[in-house]
1. What are the pairs, 6+ residues apart or on separate chains, where a residue within the stretch 59-70 that is modelled with pLDDT under 70 has its Cβ under 7 Å from a residue that is outside any loop (DSSP other than H, G, I, E, B)?
2. Kindly list, by first and then second residue, each pair from a residue in the stretch 1-18 that is among the basic types (Lys, Arg) to a residue that is assigned to a helix (DSSP H, G or I) and modelled with pLDDT of 90 or more, limited to pairs with Cβ atoms under 7 Å and residues at least 6 apart or on different chains.
3. How do the pairs read when you match residues in the stretch 20-48 that are over 27 Å from residue 156 (Cα atoms) with residues anywhere that are part of a helix (DSSP H, G or I) and of a type in the set (S, T, N, Q), using Cβ under 6 Å and keeping only pairs 6 or more apart or on different chains?
4. Test each condition in (1) surrounded by 13 or more Cβ atoms within 10 Å (Cβ to Cβ); (2) at pLDDT 90 or above for residue 98 and report the one that comes out false.
5. Which of the residues belonging to the stretch 214-230 are of a type in the set (S, T, N, Q) and open to solvent by 100 Å² or more (accessible area, probe 1.4 Å)?
6. Does residue 158 satisfy the condition of being among the small types (Gly, Ala, Ser), over 11 Å from the mean Cα position of the chain (by Cα) and modelled with pLDDT of 95 or more?
7. Which one of these does residue 108 not meet: (1) assigned to a helix (DSSP H, G or I); (2) surrounded by 20 or more Cβ atoms within 10 Å (Cβ to Cβ)?
8. Considering (1) within 18 Å of the chain's Cα centre (by Cα); (2) charged (D, E, K, R); (3) under 14 Å from residue 154 (Cα atoms), say which one residue 184 fails and leave the rest.
Amino acid sequence: YLSDALAGQIKNYMFSLKTKTTRTIQNKIESENWTPYIVNSSVQKDVNDIVSSMDLDPLDWVKYSDLVNQETDGNPIDESNSDTETSNESRANNMGHRKSVVVGDKTFVASDSLLYCIGIIKELLILSTNLPVMYLSEFEKMSYDLLKSFNAFAMGSATQNGRPLSKSGKNLSIMGESIDCLAELILIVQRYYRRLSSFSRDFTPIDQASYTQLSQQYQASAEKIYLANAPPPPI
């Protein structure tokens, strides 16, 4: 009974997460100003963890599989009682000042929508790491669909009612940076699930052709943005 109840709860969570994520990313992109966004140090750490997940499971992700709360002197830790000064100092150190995300050896100017998308990808990969293998296919599809939706929503927001990109009023440079950044994550997500598939015969990852097609869509979008944002030729 417990197993069935848990499976039902996980499926309900996956459905609600997928619905909420799609709606939120669409709303964010439609209202996006495409201006440089502050990147907290914790976000860059998340990106580093995502990159490293191609080869191994980050320790910060694995710890979520331990359902036992850490305890001190036999009592659960109560973060609300932490020293205020220490809490404020930690919060200040986490604020950051950079307006770019580093993926491997490449740097991209961040936008609000990009950082949200990165956070959801991290969440999906953590769930894939800690939940049973039977859910891997759905989590990979959710990751794939999220990347696909971001590209479609971004380009759609700049070409509504048939207007050309150059007349959209969007900051195409920042939009292009977000597109280029997520294009790098396509390969990372693919390699992550391919690595997990090597440990289980019950999981078959999305085929190479689908990832290739998604990468081509991102490349086509980047080229359109570049052409629309390119300065006019000299007279």
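The values are calculated or read from the model by the stated rules, or taken from the named source; none is laboratory data. Here the structure is a predicted model, which means the values were calculated and not measured. Positions of Cβ are backbone-derived with ideal geometry, glycine not excepted, and every protein chain shown enters the neighbour counts. SASA here: full protein model, heavy atoms, side chains in, ligands and nucleic acids out. Shrake-Rupley method; radii C 1.70, N 1.55, O 1.52, S 1.80 Å.
1. If the second residue must be outside any loop (DSSP other than H, G, I, E, B), the pairs left are 69/76.
2. From residues that are among the basic types (Lys, Arg), the pairs are 18/142.
3. Once the first residue is over 27 Å from residue 156 (Cα atoms) and sits in the stretch 20-48, its partners that are part of a helix (DSSP H, G or I) and of a type in the set (S, T, N, Q) give 40/94; 41/94; 42/94.
4. (2)
5. Matches in the stretch 214-230: 216, 219.
6. no
7. Result: residue 108 passes all but (1).
8. Only one criterion is unmet by residue 184, namely (3).
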